[in-house]
């Protein structure tokens, strides 16, 4: 008798749990429907490089449109694109172009990523202020990050081991750097992959023989802690420091467009936000944050 | 009611195994097991993506082994002191502090490591950077020590008083009694304590990710950077395209990790059980 009782109770409990789960699921999907019809709450997810910029945009935008709420999170461009494909974000901020593989996956899921370039970013190469090296060619950079040059003496510095710092592979900066500087070669496995730009700045500022790459905006903000290295496109070209002028003119070789991705054409409040970013006011935010305007 | 709550945990464990297996196993069919047991982890590449989990496994092993080496003297020493030598007042003070240590969130320990331990290791060993396997091991030892202390203290306490009395009656000093009678008698319990501590260490993520530098190289040196299995999953899972090889490879890493902790826990439980029977 007792054991039957127990079983009945067990079934009841299972039923209860199932009911709760069902209610939760139903609640969530209801919210989705609502969000689609009104969109008072915009979520933007993606590139860590762009978090500063997008939050500044969001702040300025919310001042103009107090009825709307914009939430901004980072995590890396890959994370943002994955979120766009999974339908968990309205807008994805990405510091790299969407990959063919991701595009195929998007089409499978009936999502049509729409790319909008909103600003330009230069990637700065940073070293410790105590490091005597202050200019590198693209070839030298590529040799350093692919592991062909292991010591600073290989590129005209002191005889010390190069301590390589990179972003995690989920970062858009990682992929862009790999494509642009390493000519699509692989990073050396000895490169340390740090979880955030701030961790790279922190390590470069404390480790004398470290080298890393960060978005120009970050490097400028941390100019008292790290030294920005001038870059030569090749042996014979002049060394160029990254700045708004050199990035825009294309003299500085390591620069990239920053994008927003949406599912399909922007509509309603999403369109308002994108238009704001591209407006003169929005582009002013771009230069204030340390990036380069698109026009 | 109670039966269903108790069986839920079994169901969950079985569910996790099935789910991990389901998501991970297609990897064995296509890129194949050979790809998995190679030495190169390069999941994002324009050339050829590589998913060799060996550097991750050795990374986890190195950090765990170092952490265990650091944990044993501190954990066992402290438990012997607390159970055999400490006066009641000292015990009253020591125990709560050890419990507080056990309760510190790992991300806080990681932050402490980044700001304090990493620069300390860099200066002490004259390295170019403190982001090393050793830094991770120190933090993990901090987390494992409380577990080891409380379980081995239990083991030491349950050694029958008659053993100690007999030893003392034969003219052995207090120290001789502790090291030659009490500790050997409690050894199975202490071993189990260490293994449970290791189980916690191998599965720890956040603190390790913040301080080990995460370079996927195979190394046996505590002064090199390593990438652990847990840090790899945490860092890459958010970015990965659902259903890709990379996604499946991460699940395979998860399976390897689960098997390791599962194995350690099983052995520890066996040892613990045997000693309770005896």
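None of the figures in this text is laboratory data; all of them are computed from the coordinates on show. Keep in mind it's a predicted model, so treat the numbers as computed, not measured. Positions of Cβ are backbone-derived with ideal geometry, glycine not excepted, and every protein chain shown enters the neighbour counts.
Some observations on this one:
- Residue-span extension gain [residue A:41 to residue A:101] - 0.36 nm each, minus C-alpha spacing: 18.6 nm
- Translational diffusion coefficient (Stokes-Einstein; Kirkwood radius from C-alpha pairs) of the stretch A:248-288 at 4 °C, 1.567 mPa s, in µm²/s: 107 µm²/s
- Rg then Dmax, both in Å and based on the Cα atoms of the stretch B:1-133: 22.2, 65.
- Cα pair distances exceeding 21 angstrom across the stretch A:105-189, given as percent: 42 percent
- Treating each Cα of the stretch B:71-166 as an identical point scatterer and summing with the Debye formula, the log10 of I(q)/I(0) at q = 0.19, 0.24, 0.25 Å⁻¹ comes to -0.92, -1.17, -1.21.
- 0 to 90° range, to nearest 10: angle between helix A:197-206 axis and chain A longest Cα axis: 40 degrees
- The spread of Cα positions in the stretch B:122-240, taken along each principal axis and listed from longest to shortest, comes to 64, 35, 20 Å.
- Between residue B:274 and residue B:9, the contour length at 0.36 nm per residue exceeds the Cα-Cα span by 93.0 nm.
- Chain A, relative contact order in percent, only Cα pairs under 8 angstrom and at least six apart counted: 25 percent
- Centre-to-centre separation between the Cα atoms of the stretch B:93-111 and those of the stretch B:213-255: 27 Å.
- Chain B, relative contact order in percent, only Cα pairs under 8 angstrom and at least six apart counted: 27 percent
- Secondary-structure-derived ellipticity at 222 nm for the protein assembly as shown, considering helices only, amounts to -18000 deg cm²/dmol, per-run term -39500 (n - 2.57) for DSSP H runs with n ≥ 4.
- Point-to-point label distance, residue B:37-residue B:221, nm (Cα→Cβ direction, 7 Å offset): 2.8 nm
- With a 10 Å cut-off around each Cβ of A:198-206, the average count of Cβ atoms from other chains is 2.
- Three-way shape label, the protein assembly as shown, alpha-carbon gyration tensor, a/c 1.5: oblate
- Average other protein chain Cβ within 10 Å of Cβ, residues A:75-84: 3
- Zone of residue A:71's modelled label, taken as backbone nitrogen in the stretch A:40-57 under 14 Å from a point 7 Å along Cα→Cβ: A:40-46
- Its convex hull of Cα atoms gives chain A a direction-averaged projected area, equal to a quarter of the hull surface, of 21.0 nm².
- Cα centroid separation, the stretch B:125-158 to the stretch B:257-272 (Å): 19 Å
- Of all DSSP-defined beta bridges confined to the protein assembly as shown, some 60% are antiparallel rather than parallel.
- Rounded to the nearest 10 degrees, the inclination of helix B:54-80 to the longest alpha-carbon principal axis of chain B is 10 degrees.
- With all projection directions averaged, the alpha carbon convex hull of the stretch B:221-261 covers 3.6 nm².
- Virtual paramagnetic centre 7 Å along Cα→Cβ of residue A:224, amide N under 17 Å, in the stretch A:122-147: A:129-130
- If R0 is 25 Å, the Cβ-Cβ spacing of residue A:198 and residue B:107 corresponds to a FRET efficiency of close to 0.95.
- P(r) weight above 15 Å for the stretch B:15-66, C-alpha pairs, percent: 60 percent
- The stretch A:47-198 shape via C-alpha gyration tensor axes, a/c threshold 1.5: prolate
- Subtracting the Cα-Cα distance of residue A:267 and residue A:280 from 0.36 nm times their residue separation leaves 2.6 nm of extension gain.
- Label zone at residue B:116, where the point sits 7 Å out along the Cα-to-Cβ direction: the stretch B:55-99 residues whose backbone N lies under 19 Å: B:67, B:70-71, B:74-75, B:94-99
- Inter-centroid distance (Cα atoms) of the stretch B:28-73 relative to the stretch A:37-62, Å: 37 Å
- The peptide list A:43-55, A:100-112, A:266-278, put in order of mean Cβ contacts within 10 Å with the highest first, becomes A:43-55, A:266-278, A:100-112.
- Cα gyration tensor shape of the stretch A:133-272, rounded if a/c is under 1.5, else prolate or oblate by comparing a/b with b/c: prolate
- Volume of the convex hull of chain B (Cα atoms only), normalised per residue: 179 Å³.
- Shielding score for B:212-219, defined as the mean number of other chain Cβ atoms within 10 Å: 5
- Between 0 and 90°, nearest 10: helix A:268-278 axis offset from chain A longest Cα axis: 10 degrees
- For the stretch A:198-271, the normalised intensity computed at q = 0.16, 0.18, 0.28 Å⁻¹ comes to -0.72, -0.82, -1.28 (log10 of I(q)/I(0), Debye sum over alpha carbons, equal scatterers, no solvent).
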